[in-house]
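For reference, the structure discussed in these notes is given below.
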Amino acid sequence: MTLPVGSIVPSILNLADFKKQMPSTETWELADGTKLAKNSLAKIIEAGGTDYAALNPGNAPTKPNLNGAFLRGRDYSAPTALRNPDGLQPVGTFQTDGVGPHSHPQKVGYANASAMNQGDGWHGQGGDNTGNPNNGLPETRPKNVTVNFFIRVN
């Protein structure tokens, strides 16, 4: 089965080995955010207007940058008023890490603390610092396995 231009495939192979496995009539590259040469994908992005605006900054078509990123499907499932605004991002849009509003009810001394992040750690009701509960990790992440993402450009 031939995949259309713009398709993304995860693989444990490096670029050279991946290309050896693909038909010689297809061109695949790393989805690394670099500028596209004049190829089929660049022409589609240029002609696509606002649908591909995130992939055409300054009228210079680029591949999506999937380095270290999770892929997220665009949200077409609910009426516009009910959609998660983050799910409406244009295809190819990169979003940075984010943590939504939440609380961490916990006991600090004898006080029932509904801890809230105040930018310098977690504090109870009396302002007692209970420490940042991230266990020293530099990121919040699920279990994961690193792969290369390839995109068909021709």
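The values are calculated or read from the model by the stated rules, or taken from the named source; none is laboratory data. These figures come from a predicted structure and were not determined experimentally. Positions of Cβ are backbone-derived with ideal geometry, glycine not excepted, and every protein chain shown enters the neighbour counts. Ligands, DNA and RNA are excluded from the accessible area calculation, which covers all protein heavy atoms including side chains. Shrake-Rupley method; radii C 1.70, N 1.55, O 1.52, S 1.80 Å.
Please verify whether segment 50-61 includes one or more residues that are open to solvent by 50 Å² or more (accessible area, probe 1.4 Å), at pLDDT 95 or above and under 22 Å from the mean Cα position of the chain (by Cα).
If we filter segment 50-61 for residues that are open to solvent by 50 Å² or more (accessible area, probe 1.4 Å), which is where we start, we get 50-53, 57-59.
From the residues that got through so far, the ones that are at pLDDT 95 or above too are none.
There is no residue in segment 50-61 that is open to solvent by 50 Å² or more (accessible area, probe 1.4 Å), at pLDDT 95 or above and under 22 Å from the mean Cα position of the chain (by Cα).
Checking D97 against (1) surrounded by 11 or more Cβ atoms within 10 Å (Cβ to Cβ); (2) at pLDDT below 95; (3) acidic (D, E); (4) in a loop (DSSP other than H, G, I, E, B), only one condition comes out false. Which one?
D97 satisfies every listed condition except (1).
Which count do you get for residues in segment 30-47 that are more than 21 Å from R72 (Cβ to Cβ), open to solvent by less than 50 Å² (accessible area, probe 1.4 Å) and either of a type in the set (A, V, I, L, M) or free of Cβ contacts under 8 Å to residues at least 12 places away in the same chain (or both)?
Number satisfying all stated conditions: 2.
Are there any pairs, at least 6 apart or on different chains, whose C-beta atoms fall under 8 Å, with the first in segment 138-154 and more than 22 Å from K19 (Cβ to Cβ) and modelled with pLDDT under 95 and the second open to solvent by 90 Å² or more (accessible area, probe 1.4 Å) and in a loop (DSSP other than H, G, I, E, B), and if so, which?
E139/D97; T140/D97; T140/V99
Could you give me the residue pairs with C-beta distances under 6 Å whose first residue belongs to segment 57-74 and is more than 10 Å from G92 (Cα to Cα), whose second residue is modelled with pLDDT of 90 or more and part of a strand (DSSP E or B) wherever it lies, and which are 6+ apart or on separate chains?
A60/K35; N67/D32
Could you please tell me which pairs satisfy a Cβ distance under 9 Å, a separation of 6+ or placement on different chains, a first residue in segment 1-29 that is at positive phi, and a second residue that is surrounded by 10 or more Cβ atoms within 10 Å (Cβ to Cβ)?
G6/S40; G6/L41; G6/I44; G6/I45; G6/I151; G6/R152; G6/V153
I'm told L71 meets every condition in (1) at pLDDT below 95; (2) more than 18 Å from N148 (Cβ to Cβ) except one. Can you identify the failing condition by its number?
Here L71 meets the rest and fails (2).
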